[in-house]
Each structure stands twice: as C-alpha cells, then as structure tokens.
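Student: The structure is given below, and queries will be raised subsequently.
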Amino acid sequence: MPENLTRPNTATYLTAKGFCLTSAAWMMVATLAGLVAAIELVAPDLTGNITWLLFSRLRPIHVNLVLFGFVTPGLLASAFYFVPRLLRTQLYSEKLGIVTIVLWNIALIALVITLGAGFTQGREYAEMIWPIDVGIVLVFILIFFNFAMTVKNRKEKILYVSVWYVLAATILTACTYAMGNVIWQPDSGALSGIPDAILLWFYGHNVFGLLLTPLSAATAYYIIPQVCRSPLYSHTLSLLGFWALIVIYTHIGTHHLLQVPVPTWLKVVAIVDSIAMVIPVMAFLINIWYTARGKLGLIHEDIGGKFVFTGTVMYFIVSIRGSMMSLPDVQRVTHFSHWVVGHAHVGVLGFAGMIALGGLYFTIPRITGKPLFSRFLADLQFWMIVIGVAGFTIVLTISGLIQGNAWLNGETVYRILPQIHIYNVVRASLGLLIFLASIAGCYNIFRSLFLTSGENS
Amino acid sequence: MYYPFFLTYILTGLFIGGTVFYWALKSGQFSDQQRARFLALEDIGPQAGPTSMRGRYQLYFIFSLALAAILASIALLGYALFFS
Ligand code: HEM
C-alpha cells in the first residue's frame with residue numbers, strides 16, 4: 001500500500017465522509033428524476049395522472065437535487081478534507097460538520113417531498129418554500145463558520161488559493177441565496193415585477209458563478225498539483241483569477257434577461273462582463289494546464305486527477321459557449337431552446353460534476369487509508385459520463401438550433417416537436433447512461449468507505 | 001422603489017470585499033508567492049506508475065471529443081446564422 005495511505009492520522013474526516021455519501025446517494029436520485037423527465041419529453045403520457053411525477057414537478061426536483069444534492073456536497077466533501085490540510089491544522093469541529101450534514105439531508109428530503117407535492121415558489125433555482133430556504137442558508141452559515149474558525153486556528157500563515165475560493169463560495173452563497181430567495185418575504189419569496197427578475201437571476205447566476213465555480217476551482221487547484229507532483233504554475237495568477245471572478249461574475253446575471261425589458265445599461269454591463277469572464281476563466285485554465293504540462297500520464301494514472309482534468313476541459317467549453325450566448329444576436333436564436341439546456345449540462349455535470357466526482361475519488365483513499373474499492377468501476381463511470389455529457393452537448397445543441405431558428409421565423413411550438421423528437425430520444429438514452437453511471441459511482445463509493453479492503457488501484 | 005435596496009447591497013459588498021482585500025494585503029497574503037505555489041504539495045499522494053500509451057490515447061480521445069463538440073457548435077451556429 002502506498003506510504004501516505006498508511007500514515008497514521010489523527011483526523012477522522014467524518015464530515016468529509018458524510019458529504020461523500022450525501023453526494024453519491026443524491027446523485028442517483030437527481031439523475032433518476034432527470035431521466036424520468038427526459039422520458040416524459042418523448043412519451044408525455046407515460047406517467048398518466050400521477051401528479052407528483054408531472055414534468056413541471058420533476059424538473060425542479062432534478063435541477064435542485066443536482067445542484068444541492070450531488071454537486072455541492074461532492075465539492076464540499078473534498079473541501080472538508082483539503083482545507084484543514086492546507087492550513088496544517090484540524091477541522092475546527094467535526095461535530096458541527098455532522099450537524100450540517102444532517103440538516104443538509106433533511107433539507108434535501110423536504111425539498112423532494114414539497115416540490116413533488118406541488119409546494120413551490122415558482123422561481124427558477126428558488127422554487128423551495130421558505131422553511132427549506134432558511135435551512136439552506138443556515139447550513140451555509142454553519143459551514144462557513146466551521147471553515148473560518150479552522151482558518152483562525154491555522155498553522156500556515158499564507159492562505160492557499162483553494163482556501164480563498166472555499167471561504168468565498170460558502171459565505172457568498174449564504175448571502176446570495178438569502179437575497180435571491182427574498183427570504184424576508186416568507187409567503188411569496190419574491191419581489192414584484194422586473195426587479196424580481198433581476199434579483200432572481202443575480203442569484204441564479206451566482207449559484208454557478210459563486211458556488212459551483214469557486215468550489216470546483218478550489219478542488220482543481222488542490223488536486224492537479226498533487227497528482228502532477230509539481231508546484232502550481234503561478235500562485236499570483238491564481239489570486240488574480242480569484243479576485244477577477246469575484247468582481248466580474250457578480251455582474252453578469254442579467255445576461256439571462258436580454259429578451260426582457262430590464263434597463264439597457266444593466267444588459268450592457270452583463271454582456272460586457274460576460275465577455276470579460278475570459279479573464280478569470282483563462283487565468284484558472286492557463287494555471288492548471290501549465291501545472292499539468294507534460295504530466296498527462298500522471299493525471300491518467302490517478303482516477304481523481306482524470307475526472308478533475310476533464311472537468312477543466314469542460315470548463316473551457318462551457319465558458320466559450322457562455323460568452324457566445326451572452327451576445328444578443330446569438331441569444332435571439334438560442335434563448336429558451338435546448339441549446340441553453342446543453343450549456344447547463346456541460347457546466348453543471350461536465351465541469352462542476354466531473355470535478356466533484358474527481359474530488360471524491362481523490363479524497364476517499366486518503367480519508368479511509370484504503371485504496372478505492374474498484375478503480376475499474378470508477379473508470380467505467382468516468383467514460384459513461386464523458387460520453388453522456390459530450391452526447392448531451394451535441395444533441396441539445398442541434399435540437400436547440402432547430403427550435404431557435406423555427407421560433408425566430410414565427411413557427412409555432414407544436415409544429416417543431418416532430419423535428420426534435422429523435423433528439424429527445426437520444427437525450428433520454430444518454431440520461432439512462434448517466435443514471436447507470438451514478439449507480440456504479442454510489443456503489444463504489446459506499447464500498448470504499450465502509451465495506452472493503454478493496455482491490456489494489 | 002428598489003434602487004436603494006440594491007445600492008445598499010452593492011455598497012455592503014464593496015465594503016466587505018475591500019476590507020478583506022486590505023486585510024490580505026496587510027497580512028502578507030500576497031507576499032512569498034513562490035512558497036505558496038508549493039502549499040498543495042505538502043502531503044503528496046501515492047506514487048503513480050509509469051505513463052502508459054493507452055493513457056495518452058484516452059486523453060487525446062477526450063480532447064478530440066471536446067474539440068468535436070466545439071466544432072459542431074461553431075459549425076451549427078454559423079450555419080444557423082448565415083445560411084438558413
Ligand atoms: C464564462 C462563463 C459563462 C458565461 C458567460 C455563461 C453565460 C450564460 C448565459 C448567457 C446563459 C443564459 C442563456 C439564455 O437563457 O439564453 C447561461 C445559462 C446557464 N448557465 Fe452559463 N455561462 C458561463 C458559465 C457557466 C458555468 C461554469 C456553469 C455551471 C457551472 C453554467 C451554467 C448555466 C446554467 C445551468 C444555465 C441555465 C440557466 C437557465 O436555467 O436558464 N454557466 N449561461
């Protein structure tokens with residue numbers, strides 16, 4: 001067994017383990033909800049009159065579970081491992097960590113029950129009702145507190161860039177989640193009129209930009225140098241990327257509202273900054289790719305590194321696409337179409353989801369002191385997801401352009417449905433692939449954490 | 001009237017961001033960047049085996065998939081905007 005896996009370690013990493021399990025388990029539920037929803041697009045009468053399986057209820061369940069059930073906990077699992085290590089100290093409180101995990105899971109169960117039963121506030125990414133909103137904000141505050149106190153107790157003076165990203169992601173999400181869900185209006189969870197749309201998309205975009213992106217960047221900045229056995233290409237560049245992300249990402253939410261009568265100056269700010277996103281994006285990618293230069297073999301050897309590195313390639317794709325979609329002329333075609341759904345899947349699954357899984361596979365052997373249960377299963381899951389995401393991108397891009405063009409030319413919605421039917425079928429089968437991948441992943445992670453001495457990976 | 005509300009949020013954000021940046025500057029977070037590059041390497045993981053050709057091909061395959069997706073996007077977008 002490799003030397004460092006047997007090194008005695010006083011840390012229990014209970015919180016990290018809890019988040020590993022949370023992520024692996026909810027990934028199955030989240031992808032199953034997505035799969036059923038995708039099948040309903042092909043066969044709308046499939047589930048008959050079962051109200052809690054209506055597309056309109058499954059979709060928010062799928063989206064919110066992917067964001068808050070699978071990806072965020074997956075990224076937090078590795079953060080709870082590497083933040084204390086980077087600070088050369090122990091986590092401030094594992095007990096508090098466990099409390100947050102329990103609260104988190106209660107919120108997720110409540111999310112499924114309430115959305116399934118039709119209790120919704122009807123705003124995208126902010127559908128959950130008030131008590132769940134309060135729970136989620138509380139959880140983020142507790143997590144931030146745990147990390148902040150760990151920073152306070154640190155033995156390493158300099159905060160590595162990953163620590164900056166994790167702290168920012170947790171506290172900013174606590175704030176923007178509370179804001180975006182208009183938490184001071186328990187009944188509606190909304191302002192009225194156009195300001196509500198602006199606020200909602202300020203929050204909506206921050207879920208990707210100030211939660212998933214920084215947590216993913218933090219994980220990649222920790223794992224890639226380790227896997228490549230070489231120092232980060234430039235820590236200064238990474239800090240530049242961090243501050244640029246904080247400054248620029250917060251301004252671009254209105255690019256979701258280019259077809260809406262919001263003030264023009266706000267649209268201009270959003271569009272300009274969406275293009276300016278190239279600065280933090282490339283600062284991150286150049287740094288990671290230069291660190292990995294000439295080390296692709298080492299990355300391939302480590303299944304965690306492989307997931308994370310692929311995630312960075314996806315980040316490149318999603319960002320280029322994103323900047324393109326922010327141009328009004330492009331968005332006239334792509335808005336409201338499957339194109340956006342394609343972009344969403346490259347971003348959330350291809351980029352943040354891949355990095356979350358990479359973080360899990362990198363972290364688990366280190367927190368258990370045992371190799372993974374099965375490297376083969378992890379590899380299988382890797383390829384299933386790569387094929388699934390690449391397939392989604394191609395299929396949804398094509399059907400999005402068919403829809404966008406037709407609608408732009410004044411065609412009615414129903415007349416286009418036969419044209420995109422085949423793409424919906426392919427999409428559902430790719431969804432099946434990803435659902436199966438999540439079962440393989442959950443089994444592997446569960447066995448690795450609990451039951452096995454493992455095959456030698 | 002929502003501007004005062006948004007403005008308060010923006011100003012609070014700027015204040016907190018500015019304060020944290022000032023703290024970072026004063027507490028030497030931007031100094032010793034050379035050492036900071038090595039911070040993630042403290043607990044280096046298991047030694048990986050030699051690079052295999054298969055591994056290289058797999059990564060090339062991913063790159064070509066990614067490239068194919070970008071090219072497909074560009075081609076279809078170009079087609080949609082200019083030829084249809
Ligand atoms: C440079 C970076 C990015 C830019 C400029 C960008 C731009 C955009 C734009 C303009 C839209 C709205 C499209 C429309 O409604 O017509 C959008 C939607 C979306 N983006 Fe991005 N994006 C970027 C990166 C990301 C990343 C990294 C993620 C995920 C982690 C992501 C996830 C999403 C999702 C899920 C949606 C769908 C929102 C909805 O439900 O309508 N994006 N993006």
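The values are calculated or read from the model by the stated rules, or taken from the named source; none is laboratory data. Please read all numbers here as calculations on a predicted model, not as lab measurements. A quick note on method: Cβ atoms are made from the backbone with ideal geometry, for glycine too, and the neighbour counts reach across all protein chains shown. Just so you know, the surface numbers come from the protein's heavy atoms only, side chains and all, with ligands and any DNA or RNA stripped out. Shrake-Rupley method; radii C 1.70, N 1.55, O 1.52, S 1.80 Å.
Student: Which residues of segment B:16-45 bury at least 50 Å² of accessible area once all protein chains are present, versus their chain alone (1.4 Å probe)?
Tutor: B:Q29, B:Q33, B:R37, B:L39, B:A40, B:L41, B:E42, B:D43, B:I44
Student: Karplus couplings for segment A:30-46 from phi (6.51 cos²θ - 1.76 cosθ + 1.60, θ = phi - 60°), rounded to Hz, Gly and Pro as x?
Tutor: Each residue of segment A:30-46 in turn: 4, 6, 5, 4, x, 5, 4, 4, 5, 5, 5, 5, 8, 10, x, 8, 3 Hz.
Student: Run the numbers for A:Y290 and A:I320: contour at 0.36 nm per residue of separation, minus the present Cα-Cα distance, in nm.
Tutor: 8.9 nm
Student: Sticking to Cα atoms, compute the Rg of chain A to one decimal and its Dmax as the biggest Cα-Cα distance, whole number, in Å.
Tutor: When restricted to Cα atoms, chain A yields Rg and Dmax of 21.2, 68 Å.
Student: Related question: Compute the acute angle (0 to 90°) between the alpha-carbon long axis of helix A:55-65 and the principal axis of greatest extent of the alpha-carbon atoms of chain A; round to the nearest 10°.
Tutor: 20
Student: Between chains B and A, what is the buried accessible area summed over both chains (1.4 Å probe, protein heavy atoms, nearest 100 Å²)?
Tutor: 5200
Student: Put +1 on the Cβ of each Lys and Arg and -1 on the Cβ of each Asp and Glu in the protein assembly as shown; which of B:T8, A:L46, A:F82 then has its Cα farthest toward the positive end of the dipole?
Tutor: Towards the positive end, the residue furthest out is A:F82.
Student: Expressed as an acute angle from 0 to 90° and rounded to the nearest 10, what is the orientation of the C-alpha long axis of helix A:264-276 relative to the principal long axis of chain A?
Tutor: 40
Student: Continuing with this model, one more query. Once amide H atoms are placed 1.01 Å from N in the peptide plane, what residues at a sequence separation of 5 or more from A:Y92, or on another chain, have their amide H within under 5 Å of its amide H?
Tutor: Correct list: A:T150.
Student: From the phi angles alone, apply the Karplus equation (6.51, -1.76, 1.60; θ = phi - 60°) to segment A:337-348 and give each ³J(HN,Hα) in whole Hz, x where the residue is Gly or Pro.
Tutor: Working through the residues one at a time gives 9, 5, 3, 5, 5, x, 4, 4, 6, 5, x, 7 Hz.
Student: What average count of beta carbons from other chains do you get within 10 Å of the Cβ of residues in A:413-422?
Tutor: Average neighbour count from other chains, rounded to a whole number: 0.
Student: Ordering A:W289, A:W26 from largest to smallest accessible area (1.4 angstrom probe), what's the sequence?
Tutor: A:W289, A:W26
Student: So, in chain A, how many Lys pairs have Cα atoms under 18 Å apart, if the pair is 8 or more places apart or on different chains?
Tutor: 4
Student: With an 8 Å Cα cut-off and a minimum separation of 6 or more residues, compute the relative contact order for chain A in percent.
Tutor: Answer for chain A is 19 percent.
Student: How large is ³J(HN,Hα) for each residue in segment A:214-221, as worked out from phi by the Karplus curve 6.51 cos²θ - 1.76 cosθ + 1.60 (θ = phi - 60°), to whole Hz, x for Gly and Pro?
Tutor: x, 5, 5, 4, 4, 5, 5, 5
Student: At 7 Å along Cα-to-Cβ for each site, give me the label-to-label distance between A:W265 and A:W383 in nm.
Tutor: 5.6
Student: Rounded, prolate or oblate: which fits segment A:322-457, taking a ≥ b ≥ c as square roots of the Cα gyration tensor eigenvalues, rounded meaning a/c under 1.5, else prolate when a/b beats b/c?
Tutor: Prolate, since a/c reaches 1.5 and a/b exceeds b/c.
Student: For chain A, take the longest principal axis of its alpha carbons; what is the angle in degrees between that and the long axis of helix A:94-116, to the nearest 10 within 0 to 90?
Tutor: Relative to chain A, helix A:94-116 is tipped by roughly 20 degrees.
Student: Report, to the nearest whole %, how much of the accessible area of chain A belongs to carbon and sulfur atoms, 1.4 Å probe, protein only.
Tutor: Details: 11300 of 16120 Å².
Heavy-atom surface of chain A belonging to carbon and sulfur, 1.4 Å probe: 70 percent.
Student: Determine the order of B:D32, A:D133 by accessible area, beginning with the largest, at a probe radius of 1.4 Å.
Tutor: The ordering from most to least exposed comes out as B:D32, A:D133.
Student: Give the accessible surface of segment A:11-450 per residue, rounded to a whole number of Å², with probe radius 1.4 Å and ligands, DNA and RNA excluded.
Tutor: I get 34 Å² per residue for segment A:11-450.
Student: Still on this structure, please answer the following. Which FRET efficiency value, to the nearest 0.05, is calculated for A:E411 and A:I439 with the Förster distance at 56 angstrom and r the Cβ-Cβ distance? Before the final figure, lay out the partial values.
Tutor: Values: r = 40 Å, r/R0 = 0.71.
Once rounded, the FRET efficiency stands at 0.90.
Student: Still on this structure: Work out the mean other chain Cβ neighbour count within 10 Å for the residues of A:132-143 and drop it here as an integer.
Tutor: If you average over the peptide's residues, the count of other-chain Cβ atoms is 0.
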